[in-house]
Amino acid sequence: MKFFILLFIFTISLFASEQSAEKRVYASILKALFPEKTIVKVWSDKSEKGALFSKLDGVRVVAQKKDADILMIFGPEDIENCDKMIFANGYLVFRRSKGKAIGGFYWQKGRANLTFIKKNLEKEGIRLPKSLEKYVEDVE
């Protein structure tokens, strides 16, 4: 019984630390992409991630894509005819949407990966802060 209690506590603390790291990453991404905005409007195709975004300072989760400044895509969303800034979340989503997405954040082999796509940043006229420049790549 003690083993299960310890396992439960360990699992909860591991999940909480991962979620805390994820919040920090998303906060820095949104601040870098929208440095002048006091409130960034975010739309997400995954409701539980919408709850995570709503906990960030300076972020408001919106229900409609048309009202958003950025779309956070976690699944197979149709983005071809979208005129909003898109950020891919998940490796497969990132690979599928690199032509349109500004960047991607995903977990792979237990590590967090952050990538910004140089040509899409240039197309949007975005210059990232020095702290995030190392994550910019020429992705085809």
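Annotations
- Coarse-grained scattering of segment 2-137 at q = 0.14, 0.21, 0.22 Å⁻¹, given as base-10 log I(q)/I(0) from a Debye sum over alpha-carbon atoms: -0.64, -1.39, -1.53
- Cross-link table 23/123; 55/118; 49/118; 100/134, entries beyond 24 Å C-alpha to C-alpha: 23/123; 55/118; 49/118
- In nm, spacing of pseudo-spin labels at residue 96 and residue 24 (7 Å Cα→C-beta vector): 3.1
- Neighbour-limited loop hits for GluC sites (Glu not before Pro), segment 77-122 (at most 10 other Cβ within 10 Å; DSSP other than H, G, I, E, B): 80
Bear in mind that the values in this text are calculations on the coordinates, not laboratory data. Predicted model, so just to flag it, every value in this text is computed and none were measured. All Cβ positions, even for glycine, are placed from backbone atoms using ideal geometry, and neighbour counts span all protein chains on display.
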